[in-house]
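The structure under discussion appears below in the form of structure tokens.
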Amino acid sequence: FLTHALHYGTAVFEGIRAYRTPDGTAIFRLREHIERLRRSTRAYGIPWDYDVDAIMEACREVVRANGLEAGYIRPLVFYALGAIGLNPAAAEVRTGIAAWEWGAYLGDEGIRNGIRVRISTWRRISGQSFIPVAKGSGQYLNSVLAKQEAIATGYDEALMLNVDGNISEGSGENLFLARDGVLFTPPISAGILDGITRASVMDLLRAEGVEIRETNLTRGDLYAADELFLTGTAAEVTPIREVDDRPIGTGKPGPLTRQAQELYAEAVTGKLESRRD
């Protein structure tokens with residue numbers, strides 16, 4: 001009960017997926033996720049001396065021990081017992097890893113036909129108060145408020161504005177907007193998480209000749225979009241069919257969204273020969 005992280009959110013974490021491939025179970029970009037976990041510990045000043053390769057092997061072992069062919073992996077580094085005030089320095093730092101089966105985060109129907117989202121009344125955390133590029137547990141209370149509001153008002157997900165009034169990201173996903181055959185996505189400076197799925201989708205689509213621009217986006221840009229989709233470890237590539245009760249484009253997932261979904265799915269399941277890495 002006196003675990004420091006339970007009281008103050010003093011932890012950092014990662015979300016990673018493992019996929020069934022023709023060569024057996026493979027964990028998607030495991031090294032990049034664990035390296036980001038290490039960066040998060042440094043950003044929040046959590047002393048953590050584990051070797052990245054050791055944590056990678058521990059993640060594999062948890063997947064093996066649970067007998068998973070595919071699933072979701074959650075490493076967590078947290079301040080445990082030893083301190084109860086705001087200074088966690090005297091608390092022991094612990095590391096845990098769990099893995100479980102987890103289907104489509106926003107539902108199979110959402111993957112097929114798109115989800116309904118709203119602009120949240122809650123603003124995305126600012127770099128002046130938190131570290132948006134790190135995955136600090138406590139900062140996700142911001143996302144919880146946005147998610148709860150969206151669900152309570154009949155939507156599937158929330159999109160959050162930053163302190164400047166520009167689009168930042170979903171409650172736990174990065175955003176892409178398509179207009180006239182060009183993809184746009186908010187830059188890191190908009191207060192987004194530097195998503196590994198986001199970077200992967202950008203890389204895959206650019207290799208196919210799709211133009212992608214990182215630029216600030218407004219609420220009006222969303223309403224005028226031809227297509228919108230979200231990316232993230234849990235969400236993978238999820239289309240958006242409505243924002244604030246306004247249909248996006250035709251109201252159905254568009255060609256760039258479908259291309260992103262198909263390329264990503266083929267890459268992570270080992271079916272895209274050029275992306276076996």
Completion exercise
With 0.36 nm assigned to each residue of separation and the Cα-Cα distance removed, ASN66 to ARG31 gains 10.5 nm
Practice task
Output the relative contact order of the chain, whole-number percent, from Cα pairs under 8 angstrom with separation of 6+ residues.
Solution key: 19
Exercise for the section: Please report, as a whole percent, how much of the solvent-accessible surface of segment 118-209 comes from carbon and sulfur atoms (probe radius 1.4 Å). Expected result: 52
Exercise for the section: Note down the net charge around ALA43, summing +1 for each Lys or Arg and -1 for each Asp or Glu among other residues with Cβ under 12 Å from its Cβ. Expected result: +4
Problem - Nitroxide proxy distance, nm - points 7 Å out along Cα→Cβ at ARG123 and ALA207 - result: 4.0
Completion exercise
Under the Karplus relation with 6.51, -1.76 and 1.60 and θ = phi - 60°, whole-Hz ³J(HN,Hα) for segment 115-120, x at Gly and Pro, equal 10, 9, 10, 10, 6, 6
Problem - Mean Cα-pair separation over length for segment 141-212, i.e. relative contact order, pairs under 8 Å, 6 or more apart, % - result: 21
Fill in the blank from the handout: Honestly the chain on the Cα gyration tensor test (a ≥ b ≥ c root eigenvalues; a/c under 1.5 rounded, otherwise a/b vs b/c for prolate or oblate) is just oblate
Practice task
Roll a 1.4 Å probe over the protein chains and send me the accessible area per residue for segment 91-132 in Å².
Solution key: 56
Handout entry: Residues of type lysines that LYS135 reaches as a straight line, Cα spacing below 27 Å, ignoring anything fewer than 8 places off in the same chain
Key = LYS147
Problem - segment 161-273, accessible area per residue, ligands and nucleic acids excluded (1.4 Å, Å²) - result: 38
Problem - Orientation-averaged projected area, Cα convex hull of segment 12-57 (nm²) - result: 3.3
Exercise for the section: Pop out the carbon and sulfur fraction of the accessible area of segment 1-95 as a percent, whole number, probe 1.4 Å. Expected result: 51
Handout entry: Size of charge dipole - segment 197-277 - debye, nearest 20, with Cβ of Lys, Arg +1 and Asp, Glu -1, no other charges
Key = 80
Exercise for the section: Quick one: dipole size for the chain, taken about the Cα centre, charges +1 on Lys/Arg Cβ and -1 on Asp/Glu Cβ, in debye to the nearest 20. Expected result: 360
Handout entry: segment 150-266: C-alpha gyration tensor shape, a/c 1.5 cut-off, then a/b vs b/c
Key = rounded
Handout entry: Of all accessible heavy-atom area on segment 221-277, the percent that carbon and sulfur account for (1.4 Å)
Key = 47
Problem - Whole-number percent relative contact order across segment 109-240, with pairs defined as alpha carbons under 8 Å at least 6 apart - result: 28
Practice task
Sort out the exposed loop trypsin sites (Lys or Arg not before Pro) in the chain (DSSP loop, at most 14 other Cβ within 10 Å) and tell me the longest stretch that has none.
Solution key: 1-270
Completion exercise
Check: C-alpha center segment 11-56 vs C-alpha center segment 247-277, spacing in Å is 24
Problem - Debye, to nearest 20: dipole size of segment 33-159, +1 on Lys, Arg Cβ, -1 on Asp, Glu Cβ - result: 520
Completion exercise
Under the helix-only model (-39500 (n - 2.57) for each DSSP H run of 4 or more, divided by the residues of the chain), the mean residue ellipticity at 222 nm, to 500 deg cm²/dmol, is -9000 deg cm²/dmol
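The values are calculated or read from the model by the stated rules, or taken from the named source; none is laboratory data. Quick caveat, the model's predicted, so the values are computed rather than measured. We place every Cβ from the backbone using ideal geometry, glycine too, and count neighbours over all the protein chains shown. The protein model used for the area step is the full one, side chains on, heavy atoms only, and it has no ligands, DNA or RNA in it. Shrake-Rupley method; radii C 1.70, N 1.55, O 1.52, S 1.80 Å.
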